[in-house]
């Protein structure tokens, strides 16, 4: 395997000297903190923002106090329905029978003001009913015949943090395992043809399988490093950034079991994606064509992560763990949420990813040893 | 008399639907520059690619120093160095790193590697730019890197495929001088070109191929025959070819 080591060393040297790859990794590492910071700023601003409610008619006694404590500012207007289009966030007309509400659902500020208004009104209604009952000598607790005491079995804040991680972490792991090494993979495959170095490389007595293993390992190393760098920066950012004025930072801790599972999956994904992208790059005549071939892979990475986002309680049977990438998302999600790992799904996932990587490597090797490789170039 | 370094016997090769080589036979010996001449598309590059095992013969056989290209391709590659017009180099490696990489892949032992690389750098007068990244080198300097990597494992057979077509006069002259020097060291030098003036000056023996077939073979003088210039003989032979 001397040729493998030689090719690996040379590829790593070239990758380290390639600004494109280094910039891509640096941007990926910075992207998560920046996106999370923007999200935190927006959520903080949304939570602390005061919205304006334009009203007409007679304001019920005591309601103004509730408005001021819920971040809603009352402002008298001539026509609340018209004002709700732009001038204010919400319009209310107080009538003898109750109130008419006007808001534009296409405006986010109107939606938030509406939610706050519903909270105020339900509190107001409850207070009025309670007062009325008391006046008639009835205990207001009759309105709450089954008082509930909630006893969470784990910290709700921690669960929220885990839920957040269970979506973002698999997503970043998969996208970075693919994109982190993509530039290097195309450079080492399509780039060889474009630079006219392929023929000289194939002229050496080094076995082609060993050459290809060296290339794959180098690309996998970069993919792995990029994925870990992006995840580490995300975790650090999550512990530092505050979401909203009241909630504080999410309690983000990655359980050791989840961390070990993540590293293992990162290795498998890096090897699989490296083989796959090198195979695609070997088909291409130049770097640009290789990028075009690799573009559909982005959809492959986004789709499984989206399933977890849109179906958070998706609990598939073992057969689903055969599907590459989706299986990695599910295993990592479960490890993060439950802090344990089921050995069956992990074994099936590992076998599936190893077989996928081996098939991709075999395809790349077949392409790499075909005469057409030289004739087409 | 020494045996042939390269022996081709009734070689045939198809590329897709093109019947590129149609029964070529030739022999090139150690210590000579053997010219492979022909117009563009005659099959010169395909012949060289079969010799160095990049392409497999469809029929016939090719041997390099007794090793068959089909059954012992790695042994053949150990004994062959190839320089082409497309001197692709790894741009982010230095000239020296480029050469060392190929030396390593060609099986030069670790203890020998630095000495071999330094010797080649010295021989091709590359010291002034050996540590520079290849992306900053001139065409002539890149061609020297390409030659260096082809000879660093000291192969007994050297093949030059249109090596001067992208070079200026000075660099071309250095390549020609290197070919002569290699011949003097006992190497078998196969020189594929359509520049007949170069062939006439350099080659001891030559073969002219046209449409995948050998038109004539012999010493340069024999092929030139009664003509004053090789070019005239070449044109006459092609015109008479079927």
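Every number in this text was worked out from the coordinates using simple rules, so none of it is lab data. All values derive from a computational prediction rather than experimental measurement. Because the Cβ atoms are built from the backbone with ideal geometry, glycine has one as well, and the counts that use them run over all protein chains shown.
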Check your understanding: Which FRET efficiency value, to the nearest 0.05, do you get for residue A:68 and residue A:35 by plugging their Cβ-Cβ distance into 1/(1 + (r/R0)^6) with R0 = 35 Å?
Key -> 0.50
Practice item. Residues in segment B:179-202, backbone N under 17 Å from the label point at residue B:231 (7 Å along the Cα-to-beta-carbon vector): list them, ranges by number please. Key: B:193-202
Check your understanding: Where does segment B:100-242 land on Rg/Rh, using Cα atoms and the Kirkwood Rh?
Key -> 1.05
**Study point:** Debye intensity ratio in log₁₀ form over the Cα atoms of segment A:92-134, taken at each q of 0.21, 0.28 Å⁻¹
**Key:** -0.77, -1.00
Review point. Quick one, what does Rg over Rh come out to for segment A:1-85 if you take C-alpha atoms and the Kirkwood Rh?
Key: 1.55
**Study point:** On Cα atoms only, tilt of A:296-310 relative to the major axis of chain A in degrees
**Key:** 30
Practice item. Quick one: plug the Kirkwood hydrodynamic radius of the protein assembly as shown (C-alpha pairs) into Stokes-Einstein at 25 °C, 0.890 mPa s, and report D in µm²/s. Key: 82
Review point. Relative to the present Cα-Cα distance, how much length would full extension add between residue B:40 and residue B:139 at 0.36 nm per residue of separation?
Key: 33.3 nm
**Study point:** Alpha-carbon Rg/Rh ratio, for segment A:51-98, with Rh computed the Kirkwood way
**Key:** 0.95
Check your understanding: Once both axes come from the Cα atoms, what is the angle between helix A:108-135 and the longest principal axis of chain A, in degrees from 0 to 90, rounded to 10?
Key -> 40
Check your understanding: For B:76, A:34, what's the fewest-to-most ordering of other Cβ within 10 Å of each Cβ?
Key -> A:34, B:76
Revision key, fill the gap. Here the relative contact order (percent) of segment B:68-133, from C-alpha pairs under 8 Å and at least 6 apart, is 37
Practice item. From zero up to wherever the largest Cα-Cα distance of segment B:6-240 sits, split into 10 Å bins and tell me the percent of pairs in each. Key: 8, 32, 35, 20, 5, 0
Review point. How big is segment B:1-114 by Rg and Dmax over its Cα atoms, in Å?
Key: 16.0, 48
Revision key, fill the gap. Across B:85-95, the residue-averaged tally of Cβ atoms belonging to other chains within 10 Å stands at 5
Revision key, fill the gap. Segment A:44-136: Kirkwood hydrodynamic radius (Cα pairs, Å) comes out at 13.7
Review point. What nm value, rounded to one decimal, do you get for the distance between residue A:288 and residue B:68 when each label is placed 7 Å out toward the C-beta?
Key: 4.6
Review point. Which of A:108, A:134, A:87 moves the most in a Gaussian network model of chain A with Cα springs under 10 Å?
Key: A:134
**Study point:** Isotropically averaged projected area of segment B:76-171, using the convex hull of Cα atoms (one quarter of hull area), nm²
**Key:** 5.8
Point to revise | With Cα atoms, 0 to 90° folded angle of helix B:95-105 axis to chain B main axis | key: 70
Exercise for review: Based on alpha-carbon positions alone, could you give the equivalent ellipsoid semi-axes of segment A:186-241 from the gyration tensor, as √(5λ), descending, whole Å?
Suggested key: 36, 12, 5
Revision key, fill the gap. Taking the alpha-carbon centre of each part, the distance from segment B:1-80 to segment A:177-216 in Å is 26
